[in-house]
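Everything on this sheet refers to the single structure shown next.
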């Protein structure tokens, strides 16, 4: 049995699980997959593939090219980049793993504080021999707007309350009573954008939600407001955000997700003012990786024994 673990960018997957227990050939691929031809070459002869979140897409067309594939394991509970139905039609079993619910909210607050207090700018200033160059914003007594009050959004909201912030939230089907029980006030999308000092996105990407944050929403925001996205890049109109930043219409933005990943070297976001950019680190923590890869090994062993677990679809 040949197993390929894709997109092991940090070259650490081998350290987070006992792959030798599978008694199989395991290859770890430390780079992004370039295209269909590259994917077919890398996965030639592989019966089992472990996909790191949504870094490599497995569309129906791509699955048709992978004639050796029998088991596809995705890290995390769901993966929008895998056509599970197409896989099932081809007899490919798709399994998942659990994940933490703390890693992304923690990074969200890292981005909020980094943008609000210009931490990267001041760090660079100190290292270059300088001293104070900016005046930071405040959290206590200010308003946090949470778009999407699910598992992750709820954690972010609770931390906001601990900072002394007034927390409001919006989603398409938000239950006002449930929000109130969490100490959060449900508001309209317009009120959230126009009154929040910090807007943070924790929303599922779909055809309906794509472009949820457009030029119109950015125009509503306070000039002192910041936008943070650790969810999915498609939820924000990147061109509209770049325009808002260039024109100084918002204080700044913290982004962990991008339209193209890895972000091209010449992408305009890399030079956008008042931004803090991270390379999709929301789930990249020791505890999360330990769960991802340990359970991936469990999935493979169970499938090899004819009793697959955590099957999707």
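The values are calculated or read from the model by the stated rules, or taken from the named source; none is laboratory data. Since this is a predicted model, take the numbers as computed values, not measurements. Glycine gets a Cβ as well: all are built from the backbone with ideal geometry, and neighbour counts include every protein chain shown.
Quick one: which of 143, 210, 185, 158 is surrounded by fewer than 17 Cβ atoms within 10 Å (Cβ to Cβ), modelled with pLDDT of 95 or more and touching a strand residue (DSSP E or B) at 6+ places or on another chain (Cβ under 8 Å)? It would help to see each step written out before you state the result.
Working: 143 fails: surrounded by fewer than 17 Cβ atoms within 10 Å (Cβ to Cβ); 210 fails: touching a strand residue (DSSP E or B) at 6+ places or on another chain (Cβ under 8 Å); 158 fails: touching a strand residue (DSSP E or B) at 6+ places or on another chain (Cβ under 8 Å).
One residue alone meets the criteria, 185.
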Somewhere in segment 110-122, is a residue touching a helix residue (DSSP H, G or I) at 6+ places or on another chain (Cβ under 6 Å), part of a helix (DSSP H, G or I) and within 30 Å of residue 295 (Cβ to Cβ)?
no
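Residue check: is residue 129 surrounded by fewer than 22 Cβ atoms within 10 Å (Cβ to Cβ), in contact with a strand residue (DSSP E or B) (Cβ under 8 Å, 6 or more places away or on another chain), more than 25 Å from residue 257 (Cβ to Cβ) and assigned by TED's automatic domain parsing to the domain that holds residue 255? Outline the logic, then answer.
On the way: surrounded by fewer than 22 Cβ atoms within 10 Å (Cβ to Cβ): yes; in contact with a strand residue (DSSP E or B) (Cβ under 8 Å, 6 or more places away or on another chain): no; more than 25 Å from residue 257 (Cβ to Cβ): yes; assigned by TED's automatic domain parsing to the domain that holds residue 255: yes.
No, not satisfied.
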Does segment 214-234 hold any residues that are crowded, with 17+ Cβ neighbours inside 10 Å and touching a residue at least 60 places away in the same chain (Cβ under 8 Å), and which are they?
226, 228, 230, 231
Restricting to segment 44-81, name every residue that is over 25 Å from the mean Cα position of the chain (by Cα) and either under 30 Å from residue 285 (Cβ atoms) or surrounded by 14 or more Cβ atoms within 10 Å (Cβ to Cβ) (or both).
46, 47, 66, 69, 70
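Going by what's in this entry, would residue 39 be described as within 30 Å of residue 273 (Cβ to Cβ), in contact (Cβ under 8 Å) with a residue 24 or more places away in the chain, under 24 Å from the mean Cα position of the chain (by Cα) and not in a loop (DSSP other than H, G, I, E, B)? Walk me through it before giving the result.
On the way: within 30 Å of residue 273 (Cβ to Cβ): no; in contact (Cβ under 8 Å) with a residue 24 or more places away in the chain: yes; under 24 Å from the mean Cα position of the chain (by Cα): yes; not in a loop (DSSP other than H, G, I, E, B): yes.
Criteria not met by residue 39.
With the requirement that a residue be under 15 Å from residue 49 (Cα atoms) and in contact with a helix residue (DSSP H, G or I) (Cβ under 9 Å, 6 or more places away or on another chain), what does segment 288-309 give you? Break it down stepwise before answering.
Let us first name the residues in segment 288-309 that are under 15 Å from residue 49 (Cα atoms), namely 292-304, 308.
Within segment 288-309, 292, 293, 296, 297, 300, 301, 304, 308 meet the criteria.
Take the conditions under 21 Å from residue 277 (Cα atoms) and buried (at least 16 other Cβ atoms within 10 Å of the Cβ) and apply them to residue 201. Does it pass? Talk me through it step by step, then tell me what you get.
Values: under 21 Å from residue 277 (Cα atoms): yes; buried (at least 16 other Cβ atoms within 10 Å of the Cβ): yes.
Yes; evaluated as a whole, the condition is true for this residue.
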Matching residues, segment 201-212, being closer than 17 Å to residue 238 by Cβ and touching a residue at least 40 places away in the same chain (Cβ under 8 Å):
201, 203, 205, 212
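What do you reckon, is residue 27 assigned to a strand (DSSP E or B) and in contact (Cβ under 8 Å) with a residue 24 or more places away in the chain? If you could, list the steps in order and put the result at the bottom.
Working: assigned to a strand (DSSP E or B): yes; in contact (Cβ under 8 Å) with a residue 24 or more places away in the chain: yes.
Yes: the conditions hold for residue 27.
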